[in-house]
Amino acid sequence: MSLRSRFALAFAAVGAVVAVLVGVLSYGAAADRITAETDRTLRSAMTALVRDQDSAVALSEAVTEGPDLFPGPDRPGPGDEEERQIVMQAVAPDGTPSHLGGPTVKLPVSDTARALAASGARGESYTTEVEADHATHRLLTTALGGDRGALQVAVQVDQTHYVLGGMAREIAGAGLLVALAAAVAGRLLAGRITRRLLRLTAAAEDVSLDGRITYDGPAGGRDEVGRLSASFGRMVARLAAARDAQDRLVQDAAHELRTPLTSLRTNAGVLRRAAELSPDARERLLDDVEGETRELGHLVDELVELALVRGRDEPEEPVELAEVARRAARRVYRRTRRLVHIDADGSVVQGRPQGLERAVGNLLENAAKFDPDEREPIEVRIREGAVTVSDRGPGIDAEAAGRVFDRFYRAETARALPGSGLGLAIVRDVAETHGGTVFAGTRAGGGAAVGFTVSGARLRRR
């Protein structure tokens, strides 16, 4: 059963339950009120009968001429006056009935009525409904006490039962209409609610079946479904971006791997004729194979690092950028023996410490590679969450400044230097995961100034 049908059934059930409860309570209240009114009339007639029989007969006629208890299409017609008159009879101590007034109706004398007539205390009464002359009467029996028997007064209540029956039918019809209206309203409301869920389901099925990562989500909505739709849309957007990045990475990797693999295949073919080569030629060939293998391994390492930098599940925490720079500087010193001068303002950001350290380390290694003067330290400047690494190398021209962070891009001045062209691409990815940007330019006095920023919202004030 669909969720929409379940909503409709649930609304119908709730509407039916409410309608039944209201109907039962309304019917019970109406029946009790009408019965109480009838009993009050019988008690008044009984009081008058005990005091004076003529007054009781007059009261019986007054009931006929008085206001109708059941106005409307159900009121008795002109020939029904006797049906509304009060029937009065006496019951002797031995149980023998005798008519006293009102319509000539022979009221049955039950065992309870005989007991009241024979031994009932004065004023002791009993009310019930009986069948007499093919009609239902409400009968009040009251003992006179002192072996004087009992008196009975009764009024026909078929009209009451008819009215209450009509009310019950109307209440049942109204309850059915309420249930149907609730079902229709529930189905319409469920349609509005489930429409967005159906779109979410279809999008999820498309992703799972054929890998299409597209979603045209509904706009607006602050309820749970709206929030789910918005979150799903953001998730699909991130999946699409990740897939695009993955496709670009695979294409770029295939392009960059082709050169060292071609060189290795060529060298392997030459090695088949190694006996024909001179010792110097063989030595150069082996050096070339070793260098290409080393570069290929470095390229694979960089590709793995680049693929993981966005997807690494590293928890965020407050990170002091100066400490990150110091750790990266120590690692670069062990590798290159280059000194690093750090000028930091104590910026603390909410971020991923390993990713930030990797980004700063790549900037330092890139500066060490392009700065031939080992006497001067590499400079790191940290201000308000922005990290700038400066060197005294050949610098970056305007054309290269806009592309140095692209994957596998290598400027003309870097063609002869080792590297895969992925180090600065990793820096850009780290900056983007922290809501920041990257920049590259010329250092005052010569050289390059390359760095990144993090989002101002991630800055932690001391």
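Given the criteria more than 30 Å from Ala182 (Cα to Cα) and at pLDDT below 85, does Leu59 qualify? I'd like the intermediate steps shown before the answer.
Numbers: more than 30 Å from Ala182 (Cα to Cα): yes; at pLDDT below 85: yes.
Considered against the rule, which asks whether it is more than 30 Å from Ala182 (Cα to Cα) and at pLDDT below 85, Leu59 comes out as yes.
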Report task. Please go through the range 175-212 and pick out each residue that is of a type in the set (Lys, Arg) and in a helix (DSSP H, G or I). Result -> Arg187, Arg192, Arg195, Arg196, Arg199
Query raised in the report: What do you reckon, is Glu314 at pLDDT 85 or above, under 25 Å from Glu432 (Cα atoms) and under 45 Å from the mean Cα position of the chain (by Cα)?
Result: no
Query raised in the report: Hey, among Thr136, Thr160, Thr142, Thr127, which residue is under 26 Å from Ala90 (Cβ atoms) and without any contact (Cβ under 8 Å) to a residue 60 or more places away in the chain?
Result: Thr136
Report task. Check Val300, Val304, Val332 and return the single one that is within 40 Å of the chain's Cα centre (by Cα), at pLDDT below 90 and part of a helix (DSSP H, G or I). Result -> Val304
Query raised in the report: Between a first residue in the range 230-246 that is touching a residue at least 60 places away in the same chain (Cβ under 8 Å) and a second residue that is among the acidic types (Asp, Glu) and surrounded by 14 or more Cβ atoms within 10 Å (Cβ to Cβ), which pairs have beta carbons less than 9 Å apart while being 6 or more apart in sequence or on different chains?
Result: Ala245/Asp429
Report summary line: Of the listed residues (Arg238, Arg227), the one being assigned to a helix (DSSP H, G or I), modelled with pLDDT of 75 or more, within 30 Å of Glu384 (Cβ to Cβ) and of a type in the set (Lys, Arg) is Arg238
Query raised in the report: Can you tell me which residues in the range 102-159 are under 14 Å from Arg43 (Cβ atoms), modelled with pLDDT of 90 or more and either part of a loop (DSSP other than H, G, I, E, B) or not assigned by TED's automatic domain parsing to the domain that holds Asp39 (or both)?
Result: Glu124
Query raised in the report: What tally of residues in the range 241-285 results from selecting those that are at pLDDT 75 or above, out of contact with any helix residue (DSSP H, G or I) (no Cβ under 9 Å at 6 or more places or on another chain), among the basic types (Lys, Arg) and assigned to a helix (DSSP H, G or I)?
Result: 3
Report task. Tell me which of these Val430 doesn't satisfy, since it passes every other one: (1) in a helix (DSSP H, G or I); (2) at pLDDT 85 or above; (3) more than 46 Å from the chain's Cα centre (by Cα). Result -> (3)
**Report entry** Considering residues of the range 355-382 that are free of Cβ contacts under 8 Å to residues at least 60 places away in the same chain and hydrophobic (A, V, I, L, M, F, W, C) only, the residue surrounded by the most Cβ atoms within 10 Å (Cβ to Cβ)
**Finding:** Val360
Query raised in the report: Only one residue in Gln350, Gln354 is part of a helix (DSSP H, G or I) and not small (Gly, Ala, Ser). Which one?
Result: Gln354
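The values are calculated or read from the model by the stated rules, or taken from the named source; none is laboratory data. Keep in mind the model is a prediction, meaning the values are calculated, not measured. So basically every Cβ, Gly included, is an ideal-geometry build from the backbone, and we count neighbours across all protein chains shown.
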